[in-house]
Each structure stands twice: as structure tokens, then as C-alpha cells.
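J.: Dropping the structure in here first, questions after.
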Amino acid sequence: MYKAHTRHLLTIAFVIYVVAAIIQAVFSLLGPFGQFLAFIVGIIAAFLLQATLIKAAEDVRDGRVDFSIRQTVEAARPFVGTVAIASILAGIAIGIGFVLIIVPGLFLLTIWCLIVPVIVLEGAGIGGAFERSRALVKGHGWQVFGTIILVFLLLLVVSILIALVLAVLPQAARSFIGGIVSGTLISPYVALVLTLSYFRLRDVHGAGPQAAGPPAPGGYGPA
């Protein structure tokens, strides 16, 4: 599915990254306060991208693109606040888990990996998203964990290759271009894996009252 809709998914990621980067660059010229605004823009753009790519992945599940980039962004925008708060809370808890003994962090990462799809596709609230993600993963934790590890290794290889290609550029240019290129290539793939995992696990447990969309094929591997 990633190959079939690469252009559409990459375009969404590229547009959001570039628009955010331009706004950040302008704000950065305004001094310390402008740099703070640039930081905020970057955070908002990151969560908007997450929500938008989940919507886009849901859209292309039937094999065709039904929504334009603008329509996809508009559909995802109402969920950005919830996605941001839930992601930050999950990130803090997972980070603490890694600092303590590592294993708790991996456990939380596994059971909460579907928080964003649950929020965007079911309209769940913050607390409900944590509970729903855990319920979906329950009984399939090792398969989900294995998928996370495979995706992490793949993305690590891609990141290393991008760094090697851009190594000849100055540090500032390397950071700017590398962020856009890596984000554009990696974010759609992650969103697609999470979205397909959500639908597959939802079908295994039975669709919830707010879930929508046709059944997805079985399996847990990356798309």
C-alpha cells in the first residue's frame, strides 16, 4: 500500500514539513520570542502531521485516494489538540519507563502505540484512547512489539543513509534538509503501519461502536 500511494502520502508530509519550516525560519529572525514561536509551530506541525497521515492512510485503504490534501488536513485538524496532549503524556510515561529499567518503557510503548489512530479514527478522548489502545493490543502484544522493532530498525537504516548522503553539506543545511527529507520519507510509513495495525486488531477484537471503515486483511507486519 505504501508503494501504491507513495506520491500522495509523501506529498502530504512534504507540504506540512515545508510550510512549517518556512514559518519557523521567519519567526526565528525575530529574536528569542520569535524562536519560541518557531518551536511552538514545530510542535503543532508535528502533531498535525501525525493526525493528517492517519486520516490519509485510512483514506487509501480501499485502493484509491478520495480526499485531497486540503480535505485530509481539514478532517484531521479537530483531533490535533487531543493527539498532542495524549502523545506528550504517553511520551513522558514511556520515557520514565525507559529511564527506570527499560522494560517498562517497552511495555508502555507497545500497549499505547495505537493511541493516535484511536483518537483520529474513533474520536476517543485522552483517557479513552489509552484504554482503547491497550484493549486492542491485548493478546497480541508480542506481534505488535515485533512490528515496532522491525519498523524501528528499518527507519534507523533509512536515517543513516540520509545522513551519509547529506554529510557533504554544512551543518545548518544538513540539519534543515535532513529533517525535511527524513520526516517526509519516514512519517507516512509509520502512519500507515499504525493505521493498518489498528484496523487489523480492531477486526480481531470486533469493531467498536465508533470505529468505521471496511475490514483490513490479516497480518501484523509493516505495509
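The values are calculated or read from the model by the stated rules, or taken from the named source; none is laboratory data. All values derive from a computational prediction rather than experimental measurement. We place every Cβ from the backbone using ideal geometry, glycine too, and count neighbours over all the protein chains shown.
J.: Is it the case that segment 149-159 has a residue that's more than 12 Å from Trp112 (Cα to Cα), of a type in the set (Gly, Ala, Ser) and modelled with pLDDT of 90 or more?
T.: Going residue by residue through segment 149-159, those that are more than 12 Å from Trp112 (Cα to Cα) are 149-159.
Filter again for of a type in the set (Gly, Ala, Ser), leaving 159.
Pick out the ones that are also modelled with pLDDT of 90 or more and you get none.
No, there is no match, as no residue in segment 149-159 is more than 12 Å from Trp112 (Cα to Cα), of a type in the set (Gly, Ala, Ser) and modelled with pLDDT of 90 or more.
J.: Just name the residue that is farthest from Ile12 (Cα to Cα) out of those in segment 75-87 that are surrounded by fewer than 21 Cβ atoms within 10 Å (Cβ to Cβ) and over 13 Å from the mean Cα position of the chain (by Cα).
T.: Ile85
J.: State whether one or more residues within segment 214-221 are part of a loop (DSSP other than H, G, I, E, B), in contact with a Phe, Trp or Tyr (Cβ under 8 Å, 6 or more places away or on another chain) and either at pLDDT below 75 or under 19 Å from Arg7 (Cα atoms) (or both).
T.: Within segment 214-221, the subset part of a loop (DSSP other than H, G, I, E, B) is 214-221.
Then drop every residue that is not in contact with a Phe, Trp or Tyr (Cβ under 8 Å, 6 or more places away or on another chain), which leaves 215-216.
Among the residues that remain, those that are also either at pLDDT below 75 or under 19 Å from Arg7 (Cα atoms) (or both) are: 215-216.
Yes, that holds for at least one residue.
J.: Another one. Just one of Leu114, Leu29, Leu100 is under 26 Å from Arg200 (Cβ atoms) and among the aliphatic types (A, V, I, L, M); which is it?
T.: Going through Leu114, Leu29, Leu100 in turn, just one is under 26 Å from Arg200 (Cβ atoms) and among the aliphatic types (A, V, I, L, M): Leu114.
J.: Please go through (1) over 21 Å from Phe199 (Cβ atoms); (2) in contact with a Phe, Trp or Tyr (Cβ under 7 Å, 6 or more places away or on another chain); (3) of a type outside the set (D, E, K, R); (4) buried (at least 19 other Cβ atoms within 10 Å of the Cβ) for Gly105 and return the number of the only condition it doesn't satisfy.
T.: Tallying (1) over 21 Å from Phe199 (Cβ atoms); (2) in contact with a Phe, Trp or Tyr (Cβ under 7 Å, 6 or more places away or on another chain); (3) of a type outside the set (D, E, K, R); (4) buried (at least 19 other Cβ atoms within 10 Å of the Cβ), Gly105 fails exactly one: (4).
J.: Okay, moving on. Take Phe130 and decide whether it is within 21 Å of the chain's Cα centre (by Cα), surrounded by 14 or more Cβ atoms within 10 Å (Cβ to Cβ) and more than 27 Å from His205 (Cβ to Cβ). Step through it out loud before you land on a result.
T.: On the way: within 21 Å of the chain's Cα centre (by Cα): yes; surrounded by 14 or more Cβ atoms within 10 Å (Cβ to Cβ): yes; more than 27 Å from His205 (Cβ to Cβ): no.
Criteria not met by Phe130.
J.: Kindly indicate which of Leu185, Leu169, Leu154, Leu196 is more than 23 Å from Val83 (Cβ to Cβ) and surrounded by 14 or more Cβ atoms within 10 Å (Cβ to Cβ). Full working, then the answer.
T.: Details: Leu185 fails: more than 23 Å from Val83 (Cβ to Cβ); Leu169 fails: surrounded by 14 or more Cβ atoms within 10 Å (Cβ to Cβ); Leu196 fails: more than 23 Å from Val83 (Cβ to Cβ).
Only one candidate passes the filter, namely Leu154.
J.: Do we find that Arg174 is surrounded by 12 or more Cβ atoms within 10 Å (Cβ to Cβ), of a type in the set (D, E, K, R) and at pLDDT below 80 in this structure? Talk me through it step by step, then tell me what you get.
T.: Values: surrounded by 12 or more Cβ atoms within 10 Å (Cβ to Cβ): yes; of a type in the set (D, E, K, R): yes; at pLDDT below 80: yes.
Yes; evaluated as a whole, the condition is true for this residue.
J.: Exactly one condition in (1) out of contact with any Gly (no Cβ under 8 Å at 6 or more places or on another chain); (2) at pLDDT below 90; (3) surrounded by fewer than 21 Cβ atoms within 10 Å (Cβ to Cβ) is not met by Ala57; state its number.
T.: Single failed check for Ala57: (3).
J.: Determine whether Gly139 is closer than 21 Å to Ile44 by Cα and surrounded by fewer than 21 Cβ atoms within 10 Å (Cβ to Cβ).
T.: No: the conditions fail for Gly139.
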